[in-house]
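Below you will find the structure I want to go over with you.
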Amino acid sequence: GQTVKRIMVNYHVQKVKRECIVWSIAFLSSGTVVTSDSFGRVQFWDWERGTLQESHTVSSSAVLSLAVSEKEDSIIVGTSTGATYQFQLLPVKIGSMEKRWVRTKPFQHHTHDVRAVAHSSTALISGGLDAQLVIRPLMEKMQKKGYDAALRKFTFPHRRLVSCARKARLLLFQFSQHLELWRLGSTEETGKDGQVLPLCQMPEHLLQLKSKGPEHIYCSCISPCGSWVAYCTASRFHLYRVRYKDSSISIKKVPKVPKLLLPAYQLQFSANSDSLFVASARGSVHILQLLEPKGCRHLHTLQPPSGSSEAVYLLASSADGHWLAAVGGDWTIHIYNLKCVKHHCTVPMYNCAVTALAINPITNNLVIAYSDQQLFEFSIPDKQYTSWSRTVQNCGLHKVWLERDSPITHITFNPKNPSHILLHDIYMFCVLDKSLPLPDNSALLMNQSTLKQLPETARQRQLHAFKICKKFQPLLFADLLDENCLVMVERPIMDFKTQLPLPIQQKKFGT
Amino acid sequence: MVAPASLRVVRCGGSSPRHGARAVFSADSKQVGPGPSYLLCASGDFVKMYSLATEETLRLMGGHGGLVTGVQLNPHNCMQLYSSSLDGSIKLWDFMDGIPIKTFTVGYKLLALYALASCEDSVFVVIPKSGERDTFQLVSVKLTKAAGQDLEAKELSVVLDGVDASPKCTAFGREGEYVASVKEVNLQVYFFKHKQLNRFSVSAMKTKSGNNHFTCVACHPKEDCIATGHADGKIRLWRNFYHRKEYTFSTLHWHHDTVMDLAFSVEGTNLLSGGVESVLVLWHNESDCQKDFLPRLGSPVEYISMSPDGALCCTLHTDNRITIINSNLRFSKSIQGLIKSMDIKTGLVVDPRTKALVLNGEPGHLQFYSLQSDQQLFSLDIVQRQYIHQAGLNQVDLVKVAFSAQGNWLATVEEREEVTDPELQLKLWFYGEETQSFKLNTRINMPHEDHITDMCFRDMDESEDDSLILVTAGRDCVFKVWVMVEDTDPEAQQSVSWSCDFVGSYHNYQATNCCFSEDGSLLAVSFEETVTVWDSVTWDLKCTFCHPPGKIRNICFGRLTCSKYLIGATDYGFLCCWNLLSCALEWSAHLNILVLQPDPLSEYIAAVSWLSKESSLFVFKPNEPRPIYIQRNLCKEKIQLAAFVPRDEPEAISAEKYLWLRRSQLFFLTDTQELMTLSTKSLEERLTPASKQLAVEESLPVTPFSLLLGKHRRQQSQEDIDLGKLVAYNKHGQDSPAVKELLHTPAHVLPSASFLCPIFINSLLISKGNKSAEEVADEVEMESEKTEDDSDEERDVTEMEQEDTNPMELLGETICKLSKSQEKELRKIRKMDYSWISAF
């Protein structure tokens, strides 16, 4: 191709010595080019003549991002002061065809640069440098009040960012561009509820693994034995062999990893640490065999029978190494038999996204948490929902549980008691006891503190399946290390708020 | 002139209480050239017309019986004006001539008026909803086209219910397609064509920046856009409001307090907003980032209006000021009468030099208000500190003012209201002849420990400057005497400064009033219940008076022949007169006197009493216990202050009852800050001052054509003079009011030609005594002023005048009488000897 037209954006601002940077651009079907630039302007150009049609000075600082709605009657822009503005194409007069872009609503949800914006049919979505994703529903498009009509802010991704090597008592933290490996401390003492025990061995920062290049890390995993670490970026897959010798640690990159179709959205080691499951963006799951001392080879590729090409984003393998469950972008859950290396069955479709799933190591029941807070238990050998799951569906879950805001991000089990399911989201940790009756809507869902004050007999009557603890917030990860040790990972918001660069200084009246 | 049955209380010029509505610019007029030339403005019960070229009040259109709440140009005839009033009538005026064309009686209180070009024969008004208190509705009134002056307009149809009473809360949209009205947190828009009513509301929740109630609304003249102002200072621009759900608005925010008014420019590209900050904000293209300001307008902006051609804009302020602003946001002119101050603490003081009324003006300023021209002469910044427009802030304010007898010295006291220790300053200003203004001479910090209650100069007409004495009385139980001393500081630019000479006290009572006798030899200071009299030379206590119980409220000495009397008014409702020679109570009267004001030029003293919701006026001479003049029920409001202002020339007053008004005029200020005076003249006479009639013509700008014409006229008049007596008489005849009336009244309001013909002919005739009857009447008026000393003749003249009804005003009625009375009058004239006639 060749350059057809060149538009000089800073033509009208000659007084200013600074250069004008166009941060984002959009091309509308009407032939209008929309630009947003560092002078805080949003400008509308005729692409054929290259002339300026409208110019709106939105802010005194740069307009960084821009998104157009599907109907092209609304635009959202994000500025470096953290404000987002909506533009609407409105008729100038009632009934007339002449329409004009008008800046309408300002929103100030961020404190830092708004680096990305998106415009859905019912909401404005903005993501900023202050580590927040904000969904602002457009009230005029909402039919009724409900979950969708509320302003939502997300600080943490709805993904598991921590992986745990249970046997080696190691934790792997995934950051945007590096990984950190920590050894957990331990104590030999015991104490009462609420007591902080002295550590006999301090937690130890073992290593920091920096990813090369500008790419962000998509997913990472550590093997249960702790000797393998894998991570994946948009274009590359890395596998490392970690050796621990007394107090020293050595890490080696595994050379010649098989060429896979990247990126991978989820990595999962098998329970015995001899293979790695790589969830590909094309709907298949690759199985890599890990070879001692340092090697790996591509063993199989598991394909869904329908040939769906939606990316697989969640994996769960059974403790006995028999089963693997994979969730694709179309929210179907495929279960593969690893012994025969073939597709076993598909969990009945449910029209919500899966947020977490895990296979019970004893019963091989697949527990699935959906984004609408529903819980299902699917028996893999029987290829059907378990009777408990059916009871849950018949009785329905507690209202307060369903009204929760954040999705379950991790599910694990208590090997000592197969009826216990451990789940957590950002704000709570829950032990779900299947042997206890489900609470009805009149009962108090979060009753742990009231139960403590009750006498034993009354307590028995009040017990129900959900035992919820809200002590740790924001909770990133919770897992059972062994029978009497549970690891919780909390990440205080102030930890990274203080690390943010300074926001743009603005004069505020009256301050 | 005609002796009226009683004195009338007349409101004085610029002091009318409030601007009830936005001002209106007249449309382009062909005779004057492009651009509007007049500004029409509701002012109290009147509609005022100002010239934009000269800032003069050209016309005062009265006739409404209540506050004028709306003025609108007739959209179909730009030379006509609609006005609405609380008295329930709409008047249609020809404002160029100042005459009411029609009066439509609606029968409800009218709170706002809107006239639309798209509505042929109806206007919109806001009226109270019958049967419900505090709810108002917008109705359209059909104005019948029937003939006659006074018409009934009873055909009402309700457009919107539940609107706000303020005229700023309703606005009509582009081409009258819709009407928008705001009240509290609701905006309602009614589309006339589709008969659709949409309601929108903002959240009623009180945010930390105040409540977001609507305060005003304006509609874009070309597009479908509504601008609303809010109590928290935000401006919202609403669009797409024909969709109940998909409406949208954007917000502009600069004001920190209530947005008082909004106005779009003619093309709608700019939006003007004003508020309590006294800053006019111009928003370009509805953008939050592009705005211009016109700061320091002096007082909060109340109304904003644009001229039809967009060249000018006008803001009405809460202190009665009008500011004209160019389209490029440059201050152009200011029309200011009496500036309404928050609280008049200084009292009404007359400047001896200019005879102007002096009182609190802008915060911290002293205004000099000329009563003759209804204009502010100048504003003297006393406090000299930046005034911060914010509620609840204690700021320094001017509380006391005194002038020396010659007006050379001005003493001011300013204080800040602090509960614990007030901040006080006494300043002395000297009038500089070169700069023609007051210059600060001495500043005394904390002259008293507590508030200063009274202050006066020793009034000695012939006194030298060095004998000038200032006395201040304070609540700290002392009075202090301040004298001028030679300034010893070599760096000082002035030769004299003021310092304290004597501190007097009496039994540790608070000093409340002080007053010098006319010759300056005695000083009376009141200490709570007691009046003490001091020798002003030796500062010895001479004697004391008291009239228990009750503290002394006011004291004053008698003047001229009554200078041996001291008058005092007490809290318990007694007016006492003490004789200084016998040191005894001469007489006392049971009256609750609020104001005691002696006339500086005569021995009369005016006292205003307040009893059961009405003020009464008593005028008396101290030597006679019987008042000379009593007017009960002077006005319903409480009169706070009064002042005698000396007349330039003594007025001819016939009745003995009103002789006290001869040399001075009495002005009152009520607690609603209305300035009023007593007038002997009749209503009609006041309403159409002849000088103002012609002001329209005089204010025309000079064009080459007018110059040419003027030259020609001047030549003609020169010739006239040369031609001698006869022509001079002719000229005189043309100038007579009857002819003028005939030539300057619009044709449609004139009586039939046959009716007018005799007057016209008569006015041209040279009568037997070389005078027409009317001329004689005119001359006699002049004469009466000149020959007032001759009491014999004066009485003679008044006799005649009583028979003569005013020929100018009652044109129609006089004609029939004229033939009868003519002879009678002529006979009388013949009896008298007018030596001055020979002058003609």
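The values are calculated or read from the model by the stated rules, or taken from the named source; none is laboratory data. Everything numeric here is computed off the predicted structure, so don't read it as measured data. When we count neighbours, we look across all protein chains shown, and the Cβ atoms used for this are built from the backbone with ideal geometry, even at glycine. When the accessible area is computed, the model is the full protein with side chains, heavy atoms only, and any ligands, DNA or RNA have been set aside. Shrake-Rupley method; radii C 1.70, N 1.55, O 1.52, S 1.80 Å.
Could you list all residues from the stretch A:361-375 that are open to solvent by less than 10 Å² (accessible area, probe 1.4 Å) and closer than 19 Å to residue A:318 by Cβ?
Step one: of the stretch A:361-375, the residues open to solvent by less than 10 Å² (accessible area, probe 1.4 Å) are A:366-370, A:373, A:375.
The answer is A:366, A:367, A:368, A:369, A:375.
Separate question: Which strands (runs of 3 or more DSSP E) sit wholly inside the stretch B:383-489 and have at least 1 residues that are at negative phi and open to solvent by 60 Å² or more (accessible area, probe 1.4 Å)?
Values: elements: B:397-403, B:409-416, B:423-432, B:437-445, B:452-457, B:469-474, B:478-486.
Strands (runs of 3 or more DSSP E) meeting the threshold: B:409-416, B:423-432, B:437-445, B:478-486.
Something else: For the stretch B:66-85, does any single residue satisfy the condition of being of a type in the set (Gly, Ala, Ser) and either open to solvent by 50 Å² or more (accessible area, probe 1.4 Å) or over 24 Å from the mean Cα position of the chain (by Cα) (or both)? Spell out how you get there, then give the answer.
Going through the stretch B:66-85, the residues of a type in the set (Gly, Ala, Ser) turn out to be B:66, B:70, B:83-85.
Pick out the ones that are also either open to solvent by 50 Å² or more (accessible area, probe 1.4 Å) or over 24 Å from the mean Cα position of the chain (by Cα) (or both) and you get none.
The answer is no, given that none of the residues of the stretch B:66-85 is of a type in the set (Gly, Ala, Ser) and either open to solvent by 50 Å² or more (accessible area, probe 1.4 Å) or over 24 Å from the mean Cα position of the chain (by Cα) (or both).
Suppose we filter A:93, A:99 for residues that are among the basic types (Lys, Arg), closer than 21 Å to residue A:26 by Cβ, open to solvent by 10 Å² or more (accessible area, probe 1.4 Å) and within 14 Å of chain B (Cβ to nearest Cβ); which single one remains? Step through it out loud before you land on a result.
Details: A:93 fails: closer than 21 Å to residue A:26 by Cβ.
The unique qualifying residue is A:99.
Something else about it: What tally of residues in the stretch B:642-654 results from selecting those that are surrounded by 14 or more Cβ atoms within 10 Å (Cβ to Cβ) and not in a strand (DSSP E or B)?
As a first pass, look at the stretch B:642-654 and keep what is surrounded by 14 or more Cβ atoms within 10 Å (Cβ to Cβ): B:642-647, B:650-654.
Right, trim to not in a strand (DSSP E or B) and you get B:647, B:650-654.
Total meeting the criteria: 6.
Where in the stretch A:1-58 are there strands (runs of 3 or more DSSP E), lying wholly inside it, with at least 3 residues that are open to solvent by 60 Å² or more (accessible area, probe 1.4 Å) and modelled with pLDDT of 90 or more?
A:22-27
Looking only at residues in the stretch A:220-253 that are surrounded by fewer than 19 Cβ atoms within 10 Å (Cβ to Cβ) and hydrophobic (A, V, I, L, M, F, W, C), which one is nearest to residue A:163 (Cα to Cα)?
Among them, the one singled out is A:225.
Check residue B:155 against each of (1) away from chain A (no Cβ under 12 Å); (2) surrounded by 15 or more Cβ atoms within 10 Å (Cβ to Cβ) and name the one condition it does not meet.
Among (1) away from chain A (no Cβ under 12 Å); (2) surrounded by 15 or more Cβ atoms within 10 Å (Cβ to Cβ), the lone unmet condition for residue B:155 is (2).
State all residues of the stretch A:60-79 that are open to solvent by less than 10 Å² (accessible area, probe 1.4 Å) and closer than 23 Å to residue B:284 by Cβ; if no residue qualifies, say none.
Once the filter is applied, which keeps residues that are open to solvent by less than 10 Å² (accessible area, probe 1.4 Å) and closer than 23 Å to residue B:284 by Cβ, the stretch A:60-79 yields A:63, A:75, A:77, A:79.
I want to confirm something. Restricting to the stretch B:180-196 and keeping residues that are among the hydrophobic types (A, V, I, L, M, F, W, C), more than 14 Å from every other protein chain (Cβ to nearest Cβ) and surrounded by 18 or more Cβ atoms within 10 Å (Cβ to Cβ), which single residue is farthest from residue B:263 (Cα to Cα)? Quick ask: steps written out before the conclusion?
Our first condition is that a residue be among the hydrophobic types (A, V, I, L, M, F, W, C); within the stretch B:180-196, this holds for B:180, B:182, B:185, B:187, B:189, B:191-192.
Checking which are more than 14 Å from every other protein chain (Cβ to nearest Cβ) leaves us with B:182, B:185, B:187.
Now restrict to residues that are surrounded by 18 or more Cβ atoms within 10 Å (Cβ to Cβ): B:182, B:187.
Details: B:182: 15, B:187: 17 Å.
Looking at residues that are among the hydrophobic types (A, V, I, L, M, F, W, C), more than 14 Å from every other protein chain (Cβ to nearest Cβ) and surrounded by 18 or more Cβ atoms within 10 Å (Cβ to Cβ), I get B:187.
Now for a different question. So, in the stretch A:275-293, of the ones that are farther than 27 Å from residue A:354 by Cα and either outside the structural domain of residue A:328 (by the TED database) or not polar (S, T, N, Q) (or both), which residue ends up nearest to the chain's Cα centre (by Cα)? Lay out the reasoning, then the answer.
Going residue by residue through the stretch A:275-293, those that are farther than 27 Å from residue A:354 by Cα are A:289-293.
Then keep just the ones that are either outside the structural domain of residue A:328 (by the TED database) or not polar (S, T, N, Q) (or both); that gives A:290-293.
Working: A:290: 28, A:291: 31, A:292: 33, A:293: 34 Å.
Result: A:290.
When residues of the stretch B:273-287 are filtered for being among the hydroxyl-bearing types (Ser, Thr, Tyr) and at pLDDT 90 or above, how many remain?
Taking the stretch B:273-287 and keeping what is among the hydroxyl-bearing types (Ser, Thr, Tyr), we get B:273, B:278, B:287.
From the residues that got through so far, the ones that are at pLDDT 90 or above too are B:273.
Selection size over the stretch B:273-287: 1.
Only one residue in B:199, B:174 is open to solvent by 60 Å² or more (accessible area, probe 1.4 Å) and more than 21 Å from residue B:85 (Cα to Cα). Which one? Break it down stepwise before answering.
Values: B:174 fails: open to solvent by 60 Å² or more (accessible area, probe 1.4 Å).
Result of the check over B:199, B:174: B:199.
If I ask for residues that are in contact (Cβ under 8 Å) with a residue 40 or more places away in the chain and open to solvent by 60 Å² or more (accessible area, probe 1.4 Å), which ones from the stretch B:614-641 would you list?
The answer is B:623, B:625, B:638, B:640.
Sticking with this structure for a sec: Looking at (1) in a loop (DSSP other than H, G, I, E, B); (2) in contact with a Ser or Thr (Cβ under 7 Å, 6 or more places away or on another chain); (3) not β-branched (Val, Ile, Thr), which is the only condition residue B:368 fails?
Failing condition for residue B:368: (1).
Between a residue in the stretch A:226-240 that is part of a loop (DSSP other than H, G, I, E, B) and any residue that is open to solvent by less than 10 Å² (accessible area, probe 1.4 Å), which pairs come within a Cβ distance under 8 Å, given they are 6 or more apart or on different chains?
Cβ pairs passing all conditions: A:226/A:165; A:226/A:170; A:226/A:242; A:227/A:242.
When residues of the stretch A:105-118 are filtered for being part of a strand (DSSP E or B) and either crowded, with 21+ Cβ neighbours inside 10 Å or within 14 Å of chain B (Cβ to nearest Cβ) (or both), how many remain? Lay out the reasoning, then the answer.
Of the stretch A:105-118, the ones part of a strand (DSSP E or B) are A:105-108, A:114-118.
Narrowing further to those that are either crowded, with 21+ Cβ neighbours inside 10 Å or within 14 Å of chain B (Cβ to nearest Cβ) (or both): A:105-108, A:114, A:117.
Number of matching residues: 6.
May I ask you to list the residues in the stretch B:210-244 that are within 13 Å of chain A (Cβ to nearest Cβ) and among the aromatic types (Phe, Trp, Tyr)?
Listed by number, the residues that qualify are B:238, B:241, B:242.
Would you mind telling me which numbered condition in (1) in a loop (DSSP other than H, G, I, E, B); (2) open to solvent by 10 Å² or more (accessible area, probe 1.4 Å) residue B:594 fails?
Among (1) in a loop (DSSP other than H, G, I, E, B); (2) open to solvent by 10 Å² or more (accessible area, probe 1.4 Å), residue B:594 violates only (1).
Let me ask something else about it. Where in the stretch B:245-344 are there strands (runs of 3 or more DSSP E), lying wholly inside it, with at least 1 residues that are out of contact with any His (no Cβ under 9 Å at 6 or more places or on another chain), away from chain A (no Cβ under 14 Å) and surrounded by 16 or more Cβ atoms within 10 Å (Cβ to Cβ)? Break it down into steps so the answer makes sense when it comes.
Working: elements: B:248-253, B:259-264, B:270-275, B:280-284, B:291-294, B:301-306, B:312-317, B:321-326, B:331-336.
In the stretch B:245-344, B:259-264, B:270-275, B:280-284, B:291-294, B:301-306, B:312-317, B:321-326, B:331-336 are the strands (runs of 3 or more DSSP E) which contain 1 or more residues that are out of contact with any His (no Cβ under 9 Å at 6 or more places or on another chain), away from chain A (no Cβ under 14 Å) and surrounded by 16 or more Cβ atoms within 10 Å (Cβ to Cβ).
Condition check ((1) among the small types (Gly, Ala, Ser); (2) over 24 Å from residue A:354 (Cα atoms)) across all residues:
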residue	(1), (2)
A:211	yes, yes
A:263	no, no
A:267	no, no
A:271	yes, no
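Could I ask something else about it? Checking the conditions here, which among A:423, A:438 is under 19 Å from the mean Cα position of the chain (by Cα) and under 26 Å from residue A:379 (Cα atoms)?
Details: A:438 fails: under 19 Å from the mean Cα position of the chain (by Cα).
After ruling out the rest, the residue left standing is A:423.
Which strands (runs of 3 or more DSSP E) sit wholly inside the stretch A:254-328 and have at least 3 residues that are crowded, with 18+ Cβ neighbours inside 10 Å? Reasoning before the result, please.
Details: elements: A:264-269, A:275-280, A:285-291, A:295-302, A:312-317, A:323-328.
Filter on the stretch A:254-328 gives A:264-269, A:275-280, A:285-291, A:312-317, A:323-328.
Which ones in the stretch B:658-671 are among the charged types (D, E, K, R) and surrounded by fewer than 16 Cβ atoms within 10 Å (Cβ to Cβ)?
Of the stretch B:658-671, the ones among the charged types (D, E, K, R) are B:662-663, B:671.
Within the stretch B:658-671, B:671 is the sole residue that qualifies.
Can you find, within the stretch A:376-403, the residue that is modelled with the lowest pLDDT among those that are among the charged types (D, E, K, R) and surrounded by fewer than 17 Cβ atoms within 10 Å (Cβ to Cβ)?
Step one: list which residues in the stretch A:376-403 are among the charged types (D, E, K, R), which gives A:377, A:382-383, A:390, A:399, A:403.
Narrowing the set further to residues that are surrounded by fewer than 17 Cβ atoms within 10 Å (Cβ to Cβ) leaves A:382-383, A:390, A:399, A:403.
Numbers: A:382: 90, A:383: 90, A:390: 93, A:399: 87, A:403: 84.
Top of the filtered list is A:403.
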